[in-house]
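S.K.: This is the structure I want to talk about, given as structure tokens.
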Amino acid sequence: MTTTVTEIADGIYRLSTFVPEVAPPAGFTFNQFLVMGDEPLLFHTGPRRMFPLVREAVSRVIAPGDLRWIGYGHFEADECGALNEWLAEAPRAQAAHGGTACMVSLNDVADRAPRQLQDGEAIDLGRGKRVRYLDTPHTPHGWDAGLMYEESTGTLLCGDLFTQLGHDVALTEGDIVGPAIAAEDMFQYSCLNPTMGATIRRLADVSPRVLALMHGPAFAGDGAAALRALAADYDRRAATRPALAAAA
Ligand SMILES: [Fe+2]
Ligand SMILES: [Fe+2]
């Protein structure tokens, strides 16, 4: 396995590892995003066993020991499995996440106390970069789910949203909604809930210019339109589940 490093927006690097053994024959990508600044932030650590690869990829951009912040979508191995490896590697590093994530996992699991963020609170990384935390409970899955939005580049670090199979380019202007619907049909990875469409439409309200997918290419273009199309598909799915439709 090799990890490629591509700058997908000014000062935001996508570290991507393609694993052909996951979901063959198409395979699957695992991406992390390094946001530059006086206080660099890594969104997703990658799985614990992938730490040597991700560390080497980070070292092509910054000294790994200089990492300051660690963000991720929700508590799963591919999102934050190497959290404590990073906390050991970088003495100033700290996880940053919402109240639920701190309460249900981070306060216990993280070897160093996390920074707890309110919904909508931003961290100033310096050098013009600011990442805003957005609560997305149960979307696409995990009570603790939340995402980050880098304001200067308009980049939504959108975690598992728009997950797709296969190996694509690092940055596309093509369709990401169709492949995401196909992957949802196959994996059924989302925690379908009556408010899921509304949660995704709230992300569209920030009008992102770049969507940084954890499993797929980054997308440059009308991020709000893509998010609203994805939300409509989840509305459709929820409407076909009678118990969910009644609750909406
Ligand atoms: Fe996930
Ligand atoms: Fe993931």
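The values are calculated or read from the model by the stated rules, or taken from the named source; none is laboratory data. Being a predicted model, the structure only gives us computed values, none of them experimental. Note that each Cβ is placed from the backbone with ideal geometry, even for glycine, and that neighbours are counted across all protein chains shown. In case anyone asks, the SASA skips ligands and DNA or RNA and just uses the protein heavy atoms, side chains included. Shrake-Rupley method; radii C 1.70, N 1.55, O 1.52, S 1.80 Å.
S.K.: Of all residues in the range 109-118, which are outside any strand (DSSP E or B) and either in contact with a Gly (Cβ under 6 Å, 6 or more places away or on another chain) or not acidic (Asp, Glu) (or both)?
M.R.: Once the filter is applied, which keeps residues that are outside any strand (DSSP E or B) and either in contact with a Gly (Cβ under 6 Å, 6 or more places away or on another chain) or not acidic (Asp, Glu) (or both), the range 109-118 yields Val109, Ala110, Arg112, Ala113, Pro114, Gln118.
S.K.: State whether the residues of the range 149-159 include one that is touching a residue at least 60 places away in the same chain (Cβ under 8 Å), under 13 Å from Gly71 (Cα atoms) and aromatic (Phe, Trp, Tyr).
M.R.: No, every residue in the range 149-159 fails to be touching a residue at least 60 places away in the same chain (Cβ under 8 Å), under 13 Å from Gly71 (Cα atoms) and aromatic (Phe, Trp, Tyr).
Quick grid of which residues meet (1) within 16 Å of ligand 2 (Cβ to nearest atom); (2) open to solvent by less than 40 Å² (accessible area, probe 1.4 Å); (3) within 25 Å of Val109 (Cα to Cα):
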site	(1), (2), (3)
Arg127	no, no, no
Gly146	yes, yes, yes
Glu151	no, no, no
Cys158	yes, yes, yes
Ala170	no, yes, no
Asp175	no, no, no
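S.K.: I've got another one for you. Inside the range 129-142, can you point out the residues that are away from ligand 2 (no atom under 16 Å from the Cβ) and open to solvent by 10 Å² or more (accessible area, probe 1.4 Å)?
M.R.: Residues satisfying the conditions are Lys129, Arg130, Arg132, Leu134, Asp135, Pro137.
S.K.: In the set Thr199, Thr163, which member is buried (at least 16 other Cβ atoms within 10 Å of the Cβ) and closer than 17 Å to Glu79 by Cα?
M.R.: Only one candidate qualifies: Thr163.
S.K.: For the range 33-50, which positions are surrounded by 19 or more Cβ atoms within 10 Å (Cβ to Cβ) and free of Cβ contacts under 8 Å to residues at least 60 places away in the same chain?
M.R.: Leu34, Leu42, Thr45, Gly46, Pro47, Met50
S.K.: Is one or more of the residues making up the range 96-109 within 16 Å of the chain's Cα centre (by Cα), within 16 Å of ligand 2 (Cβ to nearest atom), of a type in the set (S, T, N, Q) and over 22 Å from Val54 (Cα atoms)?
M.R.: no
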